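K.L.:
This is the structure, below, for whatever I ask next.
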Amino acid sequence: MDAWLFEIIGKFNYWIYVVLMMTGFYAMIRKNNLIKKLLGMNIFQTAIILLYISMGSKVGGKIPILDKEQALAGAVQVADVVNPLPHVLMLTAIVVSVSVTGVALAVALRIYKEYGSIDEDQILERIGKS
Amino acid sequence: MNHNLPVLVLAFPLLAAFAVNLLGKISKKHVAPWTLASLILSAGTSLWVLKDVLQNGKFSYTVGGWMAPYGIELVLDPLSALMLVMVSWVALIATFSALPSIKKEMPGREHLFFSLYLILICGMMGLVITGDAFNLYVLLEITSITTYGLIAMGKGRAPLSSFNYIIMGTIGACFYLLGVGYLYLLTGTLNMADIASRLPALYESPTVATAFCFLIVGVWIKMAFFPLHGWLPNAYTYAPKGASVLVAPLMTKVSVFLMIRIMFSIYSPEYDFLMHLGIKNLVVWAATIAIVGASLIALTQKDFLKMLSYIVVAEVGYMVGGVWLANQEGLTGAIFHILNDSLMTLCFFLVASAIAYRTGSSRIADFRGLFQKMPLTMLALSVGALSVVGVPPTCGFFSKWYLLLGGVEAGQWEFVAALIFSSIVNAVLFYRVFEVAFSHSEEEPSLKFENSRILETSPMMIPPLVVIPVVLLVIGLSAGPLVREVIRLAVPAL
């Protein structure tokens, strides 16, 4: 029991990432409402962002803005500062995620104008009738 | 090598995309010349790059002077240079057909369409030459987002198909990103060559296997490997013709190339998991099911474009199977087939656009009398059909031959049987099309010729319809030297 609890608490950020990812995945696959699917997609992408940010973090790590004198003297301990690279990567991933969401919303709007619904079953029903 | 050539190939369409958008607002006359000029320049430069790579060997370009592994590296080996030539030339030829069909389908919005179109081409060129795993993700999303937009511009069900594609495509891209995340967690680097040099020490770790699965499943979704193909047929059928003529020949093929990159540039054949007999057999079996399943579904289609889409899905099975046979012949066949299949698919979609331009329909039942009305188009379709069935001396025969040899060598008889089965199904499929097209239209004019003054189709569409069948034959006839001089060099070492 103790070992099990330690596993969860010690790596809780990774557990949250798994739970978030599965929630998003479920919504994308299972929900009929197009907007709910999109929300699921965003949760899914956020989970991955959390994974990347977790990689870079260190217990007691400082922000990675270095003092010039100190850096030139070689006195900066890498273990003391948070790894900035995953953050930079995730800035790009956020931009990608925003653009995909934007395109998807625009497409959803066109679907709504065409069929008057954002429910997948209803839309397919209306396609079948016409 | 003149050292900025690889970037120039990408820069032409990217810069033209902005020019087309801005100048197109003023007058639609600017769209065609800018698009064509940039693609001609880019296609010419890509040939130069290939020639140079074949003569002087692998070349890597450091973007902005930041040295690898810290900066982004563009890797030009024979394989990626070959893909670069394929992408730029197929894009150039497709554009001749896209320009008139978009002018007809969405008048007044050509500049919007073609700026997305050019960015998509630029993204695909980037995908094939980048040497950085994260940069690859970004380019993957650039190509995907532009494709979503292009498909959604179509009429009727197009937005809904595009939405499904967005959901599936995002899952694929996110899986890829997760895989890259795990690799970064293990190795602390994102440069493919650098990852490859650090990974062998960690091959025992289950995380490496997890990363591999995420990466591969991610690209499988992008390439529409059979059970994951759900988004493709509708997306390609309802998209504007000008979009599918570019996307269908290239997108799935570029994804197959990415799979080869992941398997042989990030991982290596020494990796046990990759070379594990059980897993190899499993994937080849999956490819077999993909070929048979997609071929059978293609038989039930009444719409020409949908039938073609399922043929594309079946062909993806060929290439995945060929790569996972993991022997020299299979890989040669798969890489050769990437090239051939993209040309064959281009041929089919050019024909479909030409027919849609003339008659406004893509239902096979409406093809009555087409051999009389559009002889040149149907001639092109005939050559394409012979090639996809695998009749020598068209190019389709030779790549299929190598795939068969690979299957025999690996002892994967089910894959060999599936290849032959799919050839027969393709023969039946095109026989049915020709049967309708040969029949006379006098008694029942089901064909609505919208403009009887047009001789065959739009004059812009004629040159590609003449060029592509010739190319299919020329590649077939020169298959021997082509494989010896180019493809063999491109095959990753086993």
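What follows draws every value from the coordinates through simple rules; no lab data is involved. Remember, predicted model here, so these are calculated numbers, not experimental data. When we count neighbours, we look across all protein chains shown, and the Cβ atoms used for this are built from the backbone with ideal geometry, even at glycine.
K.L.:
Quick one: putting +1 on the C-beta of Lys and Arg, -1 on the C-beta of Asp and Glu, what dipole do you get for the protein assembly as shown around its Cα centre, in Debye to the nearest 20?
P.N.:
1580 debye
K.L.:
Once you list every other residue whose beta carbon is under 12 Å from the beta carbon of residue B:241, what net charge do they have if Lys and Arg are +1 and Asp and Glu are -1? Walk me through the intermediate numbers first.
P.N.:
Details: positive: B:103, B:104, B:155, B:358; negative: B:105.
Here the charged neighbours net out to +3.
K.L.:
Given 4 °C and 1.567 mPa s, how large is the Stokes-Einstein diffusion coefficient of the protein assembly as shown in µm²/s, with Rh as the Kirkwood radius over Cα pairs? The partial results should precede the final answer.
P.N.:
Numbers: Rh = 25.4 Å.
Estimated diffusion coefficient is 51 µm²/s.
K.L.:
How crowded by other chains is B:132-143, given as the mean number of beta carbons from other chains within 10 Å of each beta carbon?
P.N.:
2
K.L.:
By the scheme Lys and Arg +1, Asp and Glu -1, what is the net charge of all other residues having a beta-carbon under 15 Å from that of residue B:337? Intermediate results must be reported in sequence, preceding the final value.
P.N.:
Working: positive: B:253, B:400, B:488; negative: B:315, B:329, B:341.
Here the charged neighbours net out to 0.
K.L.:
Another question, then. Which helices count as membrane-span-like in chain A under these terms: full DSSP H, at least 20 Å along the axis by C-alpha, Kyte-Doolittle mean of -0.5 or more?
P.N.:
Details: long enough: A:12-30 (27 Å, 1.07); A:34-56 (34 Å, 1.37); A:85-115 (45 Å, 1.41).
Those that clear 20 Å and a mean of -0.5 are A:12-30, A:34-56, A:85-115.
K.L.:
Okay, moving on. Would you mind finding the longest exposed-site-free stretch of chain B, with exposed GluC sites (Glu not before Pro) meaning DSSP loop and at most 14 other Cβ atoms within 10 Å? It would help to have the intermediate numbers written out before the result.
P.N.:
Working: sites that count: B:204, B:270, B:442, B:443, B:450.
The longest uninterrupted stretch comes out as B:1-203.
K.L.:
A further question follows. All other residues with a Cβ under 13 Å from the Cβ of residue A:39 taken together, and with Lys, Arg as +1 and Asp, Glu as -1, what is their net charge?
P.N.:
On the way: positive: A:30, A:31, A:36, A:37; negative: none.
For residues surrounding residue A:39, the net value is +4.
K.L.:
By a straight-distance test (C-alpha under 13 Å), which aspartates and glutamates pair with residue B:373 as possible cross-link partners, with residues fewer than eight away in the same chain excluded?
P.N.:
Filter leaves B:442, B:450, B:456.
K.L.:
If Rh is defined by the Kirkwood formula over all Cα pairs and Rg also comes from Cα, what ratio Rg/Rh do you get for the range B:276-494?
P.N.:
Details: Rg = 18.4 Å, Rh = 18.0 Å.
Over the Cα atoms of the range B:276-494, Rg/Rh equals 1.02.
K.L.:
When you have a sec, figure out the Kirkwood radius of chain B from all distinct Cα pair distances and drop it here in Å to one decimal?
P.N.:
Details: mean 1/r = 0.0442 Å⁻¹.
One decimal place: 22.6 Å for the Kirkwood radius.
K.L.:
Let me ask you something else. Just checking the output field for B:158-165: average partner chain Cβ neighbours within 10 Å of each residue's Cβ? Could you put the intermediate results ahead of the total?
P.N.:
On the way: counts 4, 11, 11, 1, 7, 12, 4, 1.
For this peptide, the per-residue mean of nearby foreign Cβ atoms is 6.
K.L.:
Apply the membrane-span-like helix rule to chain B: whole DSSP H runs, Cα extent along the own long axis of at least 27 Å, mean Kyte-Doolittle hydropathy at least 1.6. List the helices found. Mind showing how you got there, number by number?
P.N.:
On the way: long enough: B:5-26 (32 Å, 2.07); B:31-56 (37 Å, 0.90); B:78-105 (39 Å, 1.25); B:110-129 (29 Å, 1.95); B:133-152 (29 Å, 1.32); B:158-187 (42 Å, 1.31); B:241-261 (30 Å, 1.25); B:277-299 (33 Å, 1.92); B:304-325 (32 Å, 1.47); B:328-359 (46 Å, 0.91); B:413-438 (37 Å, 1.54).
Once both thresholds are applied, what remains is B:5-26, B:110-129, B:277-299.
K.L.:
Further question on the same structure: Can you tell me what the convex hull of the Cα atoms of the range B:211-314 projects to on average, as an area in nm²?
P.N.:
Details: hull surface 26.8 nm².
One quarter of the hull surface, i.e. the mean projection, equals 6.7 nm².
K.L.:
Alpha carbons only, please: Rg and Dmax for the range B:299-362, in angstrom.
P.N.:
14.5, 46
K.L.:
Calculate I(q)/I(0) for the range B:91-163 by the Debye formula, one identical point scatterer on each C-alpha and no solvent, and give its log10 at q = 0.24 Å⁻¹ to two decimals.
P.N.:
-1.10
K.L.:
Hey, another quick one. Based on the alpha-carbon set only, what is the convex hull volume of the range B:4-119 divided per residue, in Å³? Before the final figure, lay out each step's value.
P.N.:
Working: hull volume 11.5 nm³, N = 116.
So the per-residue hull volume is 99 Å³.
K.L.:
Something else: Loop-only trypsin sites (Lys or Arg not before Pro) in the range B:27-91, please: DSSP not H, G, I, E or B, and at most 16 other Cβ atoms within 10 Å. Numbers along the way, then the final one.
P.N.:
Values: sites: B:28, B:29, B:51, B:58; in loops: B:58.
Filter output for the range B:27-91: B:58.
K.L.:
Now for a different question. Alpha carbon centre of the range A:65-93 versus the range B:121-180: separation in Å?
P.N.:
32 Å
K.L.:
If you build the Cα gyration tensor of the range A:63-119 and take the root of 5 times each eigenvalue, what three semi-axes come out, in whole angstrom, biggest first? Don't skip to the end; give the middle numbers.
P.N.:
On the way: eigenvalues 460, 15, 7 Å².
Square roots of five times the eigenvalues give 48, 9, 6 Å.
K.L.:
Determine how many Å³ per residue the convex hull of the Cα atoms of chain A encloses.
P.N.:
Numbers: hull volume 14.9 nm³, N = 130.
Considering the Cα atoms of chain A, their hull volume per residue is 115 Å³.
K.L.:
Further, regarding this structure: Over all residues in B:36-48, what is the mean tally of Cβ atoms on other chains that come within 10 Å of each residue's Cβ? Walk me through the intermediate numbers first.
P.N.:
Details: counts 0, 0, 0, 0, 0, 0, 0, 0, 0, 0, 0, 0, 0.
For this peptide, the per-residue mean of nearby foreign Cβ atoms is 0.
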